[in-house]
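Asks: For reference, the structure I am asking about is given below.
The values are calculated or read from the model by the stated rules, or taken from the named source; none is laboratory data. Here the structure is a predicted model, which means the values were calculated and not measured. Cβ placement follows ideal geometry from the backbone for every residue including glycine, while neighbour counts extend to all protein chains displayed. Note: areas computed on protein heavy atoms with side chains; ligands, DNA, RNA excluded. Shrake-Rupley method; radii C 1.70, N 1.55, O 1.52, S 1.80 Å.
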Amino acid sequence: MKLALRELVRKPGRFVTATVILTLIAVLLMFLGGLLDGLLRLSTGAIRAQSGDAIVYSESSQSSFLRSRIEPADRAAIESADGVDDVGGLGVVLLGARVPGNGPRDLANVAVWGYELPPDGVPEPPAPGEAYADELLRADGVELGQELLIGPARTPITVVGWVTDTAYNGSGGLWADLDTWRQVLSENRPDAVLADGVVQALVVSGPGDPADVVAAVDAANDGTYALTVDDAIAAIPGVEEQSGTFNQILGVTVVIALVVIALFFALLTVERTALYGVLKAIGARSRTIFGGLVVQATAVTLVASVIAGVLVVALDLLIPPGSIPLYVSVGRIVLSVVLLLIAAVIGSAFSLRRVLRVDPASALGN
Amino acid sequence: MSQPALQMSDVRKVYSMADNEVVALDHATLTVGSDEIIALVGPSGSGKTTLCSIAGGILSATEGSVVVGGEEIGDYGDKELTTFRQNKVGFVFQSVNLVPFLNARENLLVVDELGRREGKPARDRADRLLDELGLADRAKNLPSQLSGGQKQRVAIGRALMNEPELVLFDEPTSALDTELGQQVMELIRSEMKSRGTAAIVVTHDERITSYCDRTVHITDGVLDAG
Ligand SMILES: Nc1ncnc2c1ncn2[C@@H]1O[C@H](COP(=O)(O)OP(=O)(O)OP(=O)(O)O)[C@@H](O)[C@H]1O
Ligand SMILES: [Mg+2]
């Protein structure tokens, strides 16, 4: 191992090519991962923030809030069910908002929510006509105390505070009480008017774990069904498809890293056959030699990962907020590094057979 | 006297290839005393390297018994042979095979790092060897910064690092000119004799044999102590 590290330090030149290629691959991996995280954040924030255990939709809704209708009778049945503690109404409508100071066509995409049980990081519902705005809307020029005019009917809503990571379907959230939401809905979407007491969905919490709450709700009422919050996130249109596609690309990227490492160290091993023969003749075990190879692959990958991590963080700072949905997190970078390190170990393992086959007798060549 | 450094009895080595077999050693019997230096002389292809490889635990004999420093290695597997090489023998190869990215001192210490891992005693031994070999001021030089004779001396130091019972020199002077070759042989003799270590020195050059205690001839894999 000492030998392997010394070679890295003394002959860095032979590892530069591999390091550069792996750095590019690592940047790609972290950047694409950050993009996926950013996209998911933008489409799932509002549901992820829900503090309840389950979300209840009406039977024919296909888990879409806009198609879902929960009548007061359904709510009453669920509220009185065993295994249910709190029940809150939930509704949303996606509209364009006019922001004071912006041009008449420069609308901000907003998701106006009506809620009763406060999601994580959101206070109790504000007074009628008021809303907490997602930080995302700052990029659209929204400021505290402003009156936004929502939708074609220009329903006024005053911003009274900020909340974070509550976006939905790419739109920043405006969190209001149920009546304000119902008013925005009926003024701007006459086709979707809901009577008083009717909501799109229910947020339910209970004493058991989420699966138990779902079971309790489903047992208590016909005409509705419940999903755990995690399932509700996955049910958001496009989320599974996005994750699936991106994860495939990320997987291919890791495989490419593995192949690069495997090829590079296979070539290096071939180059070093004579040296390995001498080392074996003077008492080196194959295990020691192979261990050195793995150490080198890991070190090269680690250096590439650190450079890539710095580059991606710098990129994140350079990109103006709101332009592309890049979300760089420590978790994503660590995950990428771990995947690359696994690829490094597996990749270098392809040279194991070659190391084992080196014959110490080759050192005594005539 | 103490037990011999090497006792080979009736050793046979056959290289099997796809369509034929080469008998590289045939009924080779050889005893090397505990501090004896033996010259092994013979034409090219006569089996000198093969004999050294078997005595040094790099190759296994096809038949016969090989005892080095009292240890029978005839039926050792790869792992046992590796441990044996770490502890009992030293090699100086035909072509100088130093690790190119390690300096002279580190080339000696690598033996300890790969083998017994003694640490401080090994470092002291390396410094003493470099001093004896006249390389004290070259300790920090990479092989590429050393002359042929200096590299050969580093290789000798490396072979002595594990305090072996037996050192095998495969044509140690073939890459050096006559005068340098004789200097290196003188050094080999004094290093061996001061330690009481046995050695086999393979050579084509009859002049070299005068630095050895005894000469053994080999022809077509057959030894002849004449
Ligand atoms: N790995 C091998 N496979 C097959 N035959 C071999 C192998 N190594 C050596 N031989 C054969 O064994 C015989 C002895 O070889 P060896 O290398 O011991 O000779 P040598 O005396 O060291 O020769 P030189 O003076 O040229 O170094 C030769 O005929 C050689 O061709
Ligand atoms: Mg030879």
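Asks: How much of the DSSP beta bridge set in the protein assembly as shown is antiparallel, as a percent to the nearest 5?
Replies: Bridges in the protein assembly as shown that DSSP calls antiparallel: roughly 65 percent.
Asks: A further question on this structure: Return the single residue from B:Gly57, B:Gly115, B:Gly90 with maximal mean-square fluctuation; model: Gaussian network over chain B, springs between Cα atoms under 10 Å.
Replies: Its mean-square fluctuation being the largest, the pick is B:Gly115.
Asks: Pick from A:Gly322, A:Gly45, A:Gly170: which residue has the top mean-square fluctuation in a GNM of chain A where Cα pairs under 10 Å get a spring?
Replies: Result for chain A, Cα springs under 10 Å: A:Gly322 fluctuates most.
Asks: Calculate, for A:Leu267 and B:Gln145, the FRET efficiency according to 1/(1 + (r/R0)^6) with r their C-beta to C-beta distance and R0 22 Å; round to the nearest 0.05. Walk me through the numbers before you get to the answer.
Replies: On the way: r = 27 Å, r/R0 = 1.23.
For R0 = 22 Å, the calculated efficiency reads 0.20.
Asks: Taking 0.36 nm per residue of sequence separation and subtracting the Cα-Cα distance, how much length would be gained by fully extending the chain between B:Asp75 and B:His217, in nm to one decimal? Each step should come with its number before you reach the end.
Replies: On the way: separation 142, 0.36 × 142 = 51.12 nm, distance 2.66 nm.
Full-extension gain reported as 48.5 nm.
Asks: Of B:Lys193, B:Lys88, B:Lys48, which has the most accessible area and how do the rest follow, probe 1.4 Å? Numbers along the way, then the final one.
Replies: Details: B:Lys193 75, B:Lys88 40, B:Lys48 10 Å².
Per-residue accessible area, sorted high to low, gives B:Lys193, B:Lys88, B:Lys48.
Asks: So for segment A:60-222: antiparallel DSSP bridges make up what percent, rounded to the nearest 5? Kindly include the intermediate steps, with their values, before the conclusion.
Replies: On the way: 23 of 33 bridges.
Restricted to segment A:60-222, the bridges split so that about 70 percent are antiparallel.
Asks: What nm value, rounded to one decimal, do you get for the distance between B:Arg207 and B:Lys120 when each label is placed 7 Å out toward the C-beta?
Replies: Once both label points are built, they end up 4.7 nm from each other.
Asks: May I ask you to give the percent of accessible area on segment B:84-226 that is carbon plus sulfur, with a probe radius of 1.4 Å?
Replies: 44 percent
Asks: Follow-up question, since we're still on this one. Just to be sure I understand: with springs between alpha-carbon atoms less than 10 Å apart, which residue in A:Ser43, A:Ser329, A:Ser171 has the highest mean-square fluctuation in the Gaussian network model of chain A?
Replies: Ranking A:Ser43, A:Ser329, A:Ser171 by mean-square fluctuation puts A:Ser329 first.
Asks: What figure in square angstrom, to the nearest 10, would you give for the accessible area of B:Lys13 with a 1.4 Å probe?
Replies: For B:Lys13, solvent-accessible area is about 30 Å².
Asks: Additional query: Just grab the label-to-label distance for A:Asp85 and A:Arg14, each label 7 Å out from Cα along the Cβ direction, in nm (one decimal).
Replies: 6.3 nm
Asks: Go through segment A:126-213 and name the GluC sites (Glu not before Pro) that are in a DSSP coil and have 14 or fewer other Cβ atoms within 10 Å of their Cβ. Each step should come with its number before you reach the end.
Replies: Working: sites: A:Glu130, A:Glu135, A:Glu143, A:Glu147, A:Glu187; in loops: A:Glu143.
Those that pass, being in a loop and sparsely packed, are A:Glu143.
Asks: Give the relative contact order (percent, whole number) for segment A:1-120; include only Cα pairs under 8 Å separated by 6+ residues. All intermediate terms of the calculation are to be shown ahead of the outcome.
Replies: Working: 81 pairs, mean separation 22.9, N = 120.
Relative contact order, segment A:1-120: 19 percent.
Asks: Something else about it: Using θ = phi - 60° and the Karplus form 6.51 cos²θ - 1.76 cosθ + 1.60, what ³J(HN,Hα) does each residue of segment A:339-351 get, whole Hz, x for Gly and Pro?
Replies: Listing the rounded values in order: 4, 5, 5, 4, 4, 5, 5, 5, x, 6, 4, 5, 8 Hz.
Asks: Hey, another quick one. Note the full-extension length gain between A:Ala215 and A:Glu71 as 0.36 nm times their separation in residues minus their Cα-Cα distance, in nm to one decimal. Don't skip to the end; give the middle numbers.
Replies: Numbers: separation 144, 0.36 × 144 = 51.84 nm, distance 1.98 nm.
My answer for the length gained is 49.9 nm.
Asks: What is the angle, in °, between the Cα long axis of helix B:120-132 and the longest principal axis of the Cα atoms in chain B? Nearest 10 is fine, range 0 to 90.
Replies: Roughly 90 degrees between the two axes.
Asks: Enter the mean number of other protein chain beta carbons within 10 Å of the beta carbon of each residue in B:76-82, as an integer. Don't jump to the answer; show the numbers that get you there.
Replies: On the way: counts 0, 0, 5, 3, 0, 3, 10.
Taking all residues of B:76-82 together, the mean is 3.
Asks: Give the average, rounded to an integer, of partner chain Cβ atoms located within 10 angstrom of each Cβ in B:90-97. Present the calculation step by step, with values, prior to reporting the outcome.
Replies: Details: counts 2, 7, 0, 7, 4, 6, 1, 10.
Partner-chain Cβ atoms within 10 Å, mean over residues of B:90-97: 5.
Asks: At A:Ser60 and A:Asn247, where each label point lies 7 Å from the Cα along Cα→Cβ, what is the point-to-point distance in nanometres?
Replies: So the two model labels end up 3.3 nm from each other.
Asks: So how strong a dipole does the protein assembly as shown carry about its Cα centre when Lys and Arg Cβ are +1 and Asp and Glu Cβ are -1, to the nearest 20 debye? It would help to have the intermediate numbers written out before the result.
Replies: Working: 47 positive and 71 negative charges, 608 e Å.
Value, rounded to 20: 2920 debye.
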